[in-house]
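Notes follow once the structure below has been shown.
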Amino acid sequence: MKRVFSSITDGRGFDLVLVGVPFTFLLALSGLPLLYNILMSFQEVDMFSLGSVIRPFVGFRNYLDLFTQPETVSILKNTIVFVVGSITGQFLVGFALALFFWINFPGASWLRGLFLVSWVMPGLVVGAIWNWILSGDFGVLNFLLQQTGLMSSNIFWRSDPNFSLWAVILANIWLGTSFNMILLATGLSAIPADLYEAAEMDGANAWQRFWTITLPMMRSTIGAIIALGLIFTLQQFDLFAAITDGGPNNSSNVAQYWAWDLSFRQYDFGKGATISVIMTVFVMFAATVYVRSTRHEVRG
Amino acid sequence: MGIRRTMISIALALASASFAGMGARAEDVKLVLWSLDRDIQPAPNLIKEFNAQKNGIQIEYRQLQFDDVVSEAMRAFSTGKAPDIITIDNPNHAMFASRKAFLDLTDMIRQSKVIKPENYFPGPLKSVTWDEKYYGVPKATNTIALYYNKDLFKAAGLDPEKPPQTWTELVTTAKKLTNPSKNIYGLTFSAKANEEGTFQFLPWAQMGGATYKTINSEGAVKALTVWKQMLDEKLASPDTLTRSQWDATATFNAGNAAMAISGPWEIDRMLKDAKFQWGTALLPVPSEGAQRSSAMGDFNWAIFSSTKHPKEAFKALEFFASKDVTMYKDFGQLPARSDLPVPPTGNPQKDSALATFVEQLKYAQPRGPSPEWPKISKAIQDAIQAALTGQMEPKAALDQADAKIKSIGG
């Protein structure tokens, strides 16, 4: 008894408690729902069997049904375009801004803080505002493009199948840029200044310093940001609800919005869960990248 | 002494009376009612009036959000925690009725002196009917008709008292009214990829002789072709594909569309926002003398089959139905009753618009009724959007929808 007690206060038992508490927490709040979701994807679930766990088992039928639907391939393709487009845009603009503020001109830190405003705004509000900006007949964006002479007729950003997905990507880039910028700015400030001094003495120009010092030193930050970006873009839902509703004709529909539509508009919870499972695989990939890239931080 | 005795007896009487009162209160039947009505809408106010009667039944109210009604209701029912009474959007009614989640009210309605089926419009009544039995009572109703801008009619040389009657007339009128240089579209409506798109399209298909079970029949294809023509020729904004009815009609109010298809919920905003003379007309039909049809919206009352107090719950519904008379005056919603004239409001423009909608309501048809309605609706939305974006021909798009609906078993 005494040994057990002392092991808990100082020893193996203590380690187990340390691991056990967060593990239980994760299992209860993330693990079980995840497993439940996987279970649902193999069952036929409708509104009246929602409350029970034992439901008709259908094997892979939900998966097969999904992949025989004509819109599935295009929705998955949209998801990839959305994720890659959003992350690239957010990262490039965010990085450019971070480098810009790194120059540290008077008021730089204030301005940088102000950029976070876009990140704090609720997605539905952002969506509603972009809805007006992107509107075809009276949108601000079309007005600007016409006044500057960049184009002669209105583009229906939300309603033209060629543009609708990009309309949401544009709004999402705006929404996520500041988050990227802040994380990257933190990464930048962590690079020791003497590295640059030494490089300058050796005659490296700004471009060479960027490629040989800044980028390699930022590797773990960049990896983490891209992984987080992947998770955030796969979670992005409000903008779709507010701007296009996944339309027209699914041209801006993505997996996460589709899963919601199947579950809560068509009440086909089994298929909604199936899409979530497919998405989980993607997110697990992102999580691996995230864990691997932050592991470097410990060493560095 | 005498006074004292009287005092005591009065005190005793009072005490026993209050005791009896308390006893009665403790025995009150408690009902729970869920609805999405806000404080200025019918449900919470009717409940207040009902509770004030102190007839031994007390109703507790819970407000839901629009998107939550169905999912909350089914979660509650499947876990045995359903309320006694709920208000449900009419296309979702059949889903619950077909699974016997709602109580069969047929016998109670037959004996009722307040709720009589013949007093209701056929459309709303059909939406509470499943397998020829009544599983609810229509709460309110609405439909869509044509609004038009009389000033723009005059400016285009059209007779403002002769709105278009047929689809062909609608197209030619829209052509005359469209004026890109002034940012004016001929018509505005909603073909959005949600229930609103179905709500607006189905009446057109039905006027063409189709139902959701024959959605690829000739009349429906023709309807979708007319819609496509409207968008292809820019008689309606391309944003019709992503705009809600409310946002679409806002462009009408702003003078950027000369005609609009929408419902009576627009009237009050239009009276305030529209700086021009406007009128209303019944939805144009495919050809002169063809059958009319229209959409049907709004909610129904229903009692969950799990209730422990079916009689008391029905009594509450009877009370609510008895208040239909003042529904428009008090809450601005149209009762689903054909026996109650909508009282004049004193505003001639509003009264004539209401008259149009009441007339249109005679032809209103429910969506479904089918327990699989959400999936059927999705198939129809997909077809509308595929055709209007030019990615499929109307016929092919509706064929695909028909195949989907048949596979769902609609």
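The values are calculated or read from the model by the stated rules, or taken from the named source; none is laboratory data. Note that this is a predicted model, so its numbers are computed, not measured. So basically every Cβ, Gly included, is an ideal-geometry build from the backbone, and we count neighbours across all protein chains shown.
Quick notes
- With respect to (1) in contact with a Ser or Thr (Cβ under 6 Å, 6 or more places away or on another chain); (2) of a type in the set (D, E, K, R); (3) part of a helix (DSSP H, G or I), the lone exception for A:Asp65 is condition (1).
- Unmet requirement for B:Gly289, which otherwise passes all of (1) without any contact (Cβ under 8 Å) to a residue 12 or more places away in the chain; (2) of a type in the set (Gly, Ala, Ser); (3) closer than 18 Å to B:Lys139 by Cα: (3)
Table: residues versus (1) hydroxyl-bearing (Ser, Thr, Tyr); (2) more than 18 Å from the chain's Cα centre (by Cα); (3) at pLDDT 90 or above; (4) assigned to a helix (DSSP H, G or I).
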site	(1), (2), (3), (4)
A:Arg158	no, yes, yes, no
A:Asn172	no, no, yes, yes
A:Thr177	yes, no, yes, yes
A:Asn180	no, no, yes, yes
A:Gly187	no, yes, yes, yes
A:Ala198	no, yes, yes, yes
A:Ala224	no, no, no, yes
A:Leu228	no, no, no, yes
A:Gln256	no, no, yes, yes
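- For the range B:99-174, the helices (runs of 4 or more DSSP H) that sit wholly inside it and include 2 or more residues that are in the same structural domain as B:Ser237 (by TED's automatic domain parsing) and modelled with pLDDT of 95 or more are B:150-155.
- Considering B:Ile376, B:Ile408, the condition of being modelled with pLDDT under 90 and among the hydrophobic types (A, V, I, L, M, F, W, C) is satisfied by B:Ile408 alone.
- Evaluation of A:Ser252 against (1) in a loop (DSSP other than H, G, I, E, B); (2) under 30 Å from A:Phe57 (Cα atoms) (one fails), failing number: (2)
- Matching entry among B:Lys54, B:Lys126 (being surrounded by fewer than 14 Cβ atoms within 10 Å (Cβ to Cβ), more than 14 Å from every other protein chain (Cβ to nearest Cβ) and of a type in the set (D, E, K, R)): B:Lys54
- Among the residues listed as B:Ile405, B:Ile376, B:Ile384, the single one being within 21 Å of B:Gly263 (Cα to Cα), within 14 Å of chain A (Cβ to nearest Cβ) and out of contact with any strand residue (DSSP E or B) (no Cβ under 9 Å at 6 or more places or on another chain): B:Ile384
- Some residue of the range B:342-365 being assigned by TED's automatic domain parsing to the domain that holds B:Phe201, surrounded by fewer than 22 Cβ atoms within 10 Å (Cβ to Cβ), more than 20 Å from the chain's Cα centre (by Cα) and in contact (Cβ under 8 Å) with a residue 60 or more places away in the chain: no
- If you go through the range B:73-98 and pick out every residue that is in a helix (DSSP H, G or I) and at the interface with another protein chain (Cβ under 8 Å from one of its Cβ atoms), you end up with 5.
- Enumerated helices (runs of 4 or more DSSP H) restricted to the range B:326-396, each holding at least 3 residues that are closer than 27 Å to B:Ala205 by Cβ: B:348-361, B:373-388
- Enumeration of residues in the range A:3-56 that are assigned to a helix (DSSP H, G or I), of a type in the set (S, T, N, Q) and under 33 Å from the mean Cα position of the chain (by Cα): A:Thr24, A:Ser30, A:Asn37, A:Ser49
- Matching residues, the range A:48-102, being away from chain B (no Cβ under 14 Å), over 29 Å from B:Arg75 (Cα atoms) and of a type in the set (Val, Ile, Thr): A:Val73, A:Thr79, A:Ile80, A:Val81, A:Val83, A:Val84, A:Ile87, A:Thr88, A:Val93
- For first residues located in the range B:186-215 and more than 14 Å from chain A (Cβ to nearest Cβ) and among the small types (Gly, Ala, Ser), partners that are surrounded by fewer than 23 Cβ atoms within 10 Å (Cβ to Cβ) and not in a loop (DSSP other than H, G, I, E, B) and lie 6+ apart or on another chain with Cβ distances below 7 Å form the pairs B:Ala205/B:Gly219; B:Gly208/B:Gly219; B:Gly208/B:Lys222; B:Gly209/B:Gly219; B:Ala210/B:Gly219.
- Flag if A:Ile38 is closer than 30 Å to B:Ala76 by Cα and in contact (Cβ under 8 Å) with a residue 60 or more places away in the chain: yes
- Residue within the range A:90-100 that is without any contact (Cβ under 8 Å) to a residue 40 or more places away in the chain, on the phi < 0 side of the Ramachandran plot and in a loop (DSSP other than H, G, I, E, B) present: no
- Of the residues making up the range A:224-258, those that are without any contact (Cβ under 8 Å) to a residue 60 or more places away in the chain, of a type outside the set (Phe, Trp, Tyr) and away from every other protein chain (no Cβ under 14 Å) are A:Ile231, A:Gln235.
- Residues in the range A:131-156 that are more than 22 Å from B:Ala236 (Cβ to Cβ), in a loop (DSSP other than H, G, I, E, B) and of a type in the set (S, T, N, Q): A:Thr148 alone.
- Residues of the range B:99-116 that turn out to be surrounded by fewer than 19 Cβ atoms within 10 Å (Cβ to Cβ) and either closer than 21 Å to B:Ser293 by Cβ or within 14 Å of another protein chain (Cβ to nearest Cβ) (or both), as a count: 2
- Sub-9 Å Cβ pairs linking a first residue in the range A:119-147 that is more than 14 Å from every other protein chain (Cβ to nearest Cβ) to a second residue that is surrounded by fewer than 20 Cβ atoms within 10 Å (Cβ to Cβ) and among the hydroxyl-bearing types (Ser, Thr, Tyr), at least 6 apart or interchain, are A:Val126/A:Ser118, ordered by first then second residue.
- No other residue among A:Phe14, A:Phe42 is more than 14 Å from chain B (Cβ to nearest Cβ) and either in contact with a Lys or Arg (Cβ under 9 Å, 6 or more places away or on another chain) or closer than 30 Å to A:Thr214 by Cβ (or both) apart from A:Phe42.
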